Amino acid sequence: MVAALVWWSILLFRENEKVWITRQNLIQKEYAILYDTPNFDIVDTPEYLTYQKEYLNQKRMILGETVIFVFVLIIGIYLIYKSYKKELLITENQKNFLLSITHELRSPITSIKLSLETLLKRKPPKEIEENIINNSIEESNRLNSLINNLLLATRISYSYPYHFKTENLYDVIVECVNSMQSCHPECTINFTAEGNSNVHLEIDKQAIISMVSNIIENAVKYGKNQDVDVKFINQKEVVSIHIKDKGPGIPEEEKNKIFNQFYRIGSEETRQEKGTGLGLYIAGKIAKAHKAKIEVNSDLNKGSIFTIRFHKHNV
Ligand code: ADP
């Protein structure tokens, strides 16, 4: 396309050149007849100067138009390429999401079904029966939290009805950490605090719990049940919550992408951890609704720190 445009301008240049030469010949002939000299110098004649000006203007116009067309064309091609890449990423994420959601839904259902069939057919001893029931409860809790996350992500993408109320953020975080600890007895979640524990802000408590839980859940999951540190720091202008894990870390180029809907690092075929790519998307949306920011700091193979920062005068 660019080559066709350049070729078209070369042709126009040539046509312009031809017209200019023909005009010079005509002027030459006119003056030769008028003054009866075949080699009359026409360079200073008014006709010559007028046509020369026209010729140069045409030349500039063709050059200008070519540059503008090529520029617009390149921008257009770039924008099409960018939206194509975006579309490709969305399709890839959706494919990953469908693969993971199918797996995530199927595995707890299969496990619960198997447990119930075992209970029915084998009538196991009391102790084993209890184990099977506990396992089924755990699986149904997983299913429940998956469905909750799916519903929340759908609602949060459109118009989620936030219920802002004055709450003590410190108490909300402590409640959230305690609840996460009882969900994950296999992992130690350390909680520490700096500064005054009286931080009353206008927040949606359930949304904040959902945001912090999703980040702690990831810290436990990707840290493979190693200790997780949650630190609450209350400063003059800012309150921050730091969630530190000992997981694989997050590469620099992935730090922004992980907040996109359905985005998961790596491919579904090689990934070991379960998930849907919705947790951080939800967390990011809730943070934005509270005018808070989530920062990610990470040391590859050592761990990550997710920091949620609330500016007191914003909330
Ligand atoms: P998922 O359901 O896959 O955990 P999230 O939206 O919570 O979805 O996270 C998006 C992706 O970000 C994850 O798939 C994972 O690759 C990466 N990630 C999130 N938290 C961590 C963490 N603490 N350590 C390492 N990687 C993480």
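The values are calculated or read from the model by the stated rules, or taken from the named source; none is laboratory data. As the structure is a computational prediction, the values presented were derived from the model and not from experiment. Because the Cβ atoms are built from the backbone with ideal geometry, glycine has one as well, and the counts that use them run over all protein chains shown.
Quick notes
- Filter result (assigned to a strand (DSSP E or B) and free of Cβ contacts under 8 Å to residues at least 60 places away in the same chain) within the stretch 174-204: Ile189, Asn190, Phe191, Thr192, Ala193, Glu194, His200
- Residue in the stretch 232-240 that is surrounded by fewer than 20 Cβ atoms within 10 Å (Cβ to Cβ), within 12 Å of the ligand (Cβ to nearest atom) and modelled with pLDDT of 95 or more present: no
- Take the conditions (1) under 15 Å from Pro108 (Cβ atoms); (2) within 16 Å of the ligand (Cβ to nearest atom); (3) surrounded by 13 or more Cβ atoms within 10 Å (Cβ to Cβ); Ile156 misses just one of them, which is (1).
- Ile294 being within 15 Å of the chain's Cα centre (by Cα), of a type outside the set (Gly, Ala, Ser), surrounded by 15 or more Cβ atoms within 10 Å (Cβ to Cβ) and more than 9 Å from the ligand (Cβ to nearest atom): yes
- Residue check, Ala283 in a helix (DSSP H, G or I), within 11 Å of the ligand (Cβ to nearest atom), within 14 Å of Ile208 (Cα to Cα) and modelled with pLDDT of 95 or more: yes
- Meets criteria (acidic (Asp, Glu) and closer than 30 Å to Gly266 by Cα) for Glu17: no
- Within the stretch 1-46, the residues that satisfy the criterion of being surrounded by 14 or more Cβ atoms within 10 Å (Cβ to Cβ) and part of a loop (DSSP other than H, G, I, E, B) are Phe40, Ile42, Thr45.
- Close pairs (8 angstrom Cβ cut-off, 6 or more residues apart or separate chains): under 16 Å from Leu300 (Cα atoms) and among the charged types (D, E, K, R) in the stretch 242-267, near the ligand (Cβ under 7 Å from one of its atoms) and part of a helix (DSSP H, G or I) anywhere: Lys244/Ala219; Asp245/Asn218; Asp245/Ala219; Asp245/Tyr222
- Selection of first residues in the stretch 61-77 that are within 19 Å of Glu15 (Cα to Cα) and of second residues that are hydroxyl-bearing (Ser, Thr, Tyr) and surrounded by 12 or more Cβ atoms within 10 Å (Cβ to Cβ), restricted to Cβ pairs under 6 Å at least 6 apart or on distinct chains, gives the following pairs, ordered by first then second residue: Ile62/Ser9; Thr66/Ser9.
- Of all residues making up the stretch 297-315, the number that are within 14 Å of the ligand (Cβ to nearest atom), loosely packed, with under 13 Cβ neighbours inside 10 Å and of a type outside the set (D, E, K, R): 2
- Members of the stretch 218-231 found to be at positive phi and within 12 Å of the ligand (Cβ to nearest atom), listed by number: Lys224
- Criterion applied to Leu105, Leu116, Leu89, Leu98 was being within 23 Å of the chain's Cα centre (by Cα) and under 30 Å from Ile133 (Cα atoms), and the one residue passing it is Leu98.
- Only residues that are touching a helix residue (DSSP H, G or I) at 6+ places or on another chain (Cβ under 8 Å) and of a type in the set (A, V, I, L, M, F, W, C) were counted in the stretch 61-76, giving 6.
- The residue list Ile243, Ile265 contains one member that is among the aliphatic types (A, V, I, L, M), within 9 Å of the ligand (Cβ to nearest atom) and in a loop (DSSP other than H, G, I, E, B), which is Ile265.
- Residue within the stretch 205-212 that is in a loop (DSSP other than H, G, I, E, B) and either touching a residue at least 40 places away in the same chain (Cβ under 8 Å) or farther than 22 Å from Phe310 by Cα (or both) present: no
- Members of the stretch 214-235 that are in contact with a helix residue (DSSP H, G or I) (Cβ under 8 Å, 6 or more places away or on another chain) and not in a helix (DSSP H, G or I): Val228, Val230, Phe232, Asn234
- Residue check, Arg271 more than 17 Å from Asn214 (Cα to Cα), surrounded by 14 or more Cβ atoms within 10 Å (Cβ to Cβ) and either in contact (Cβ under 8 Å) with a residue 60 or more places away in the chain or within 9 Å of the ligand (Cβ to nearest atom) (or both): yes
- Scanning the stretch 187-208 for residues that are farther than 21 Å from Lys285 by Cα, under 31 Å from the mean Cα position of the chain (by Cα) and not β-branched (Val, Ile, Thr) yields a count of 3.
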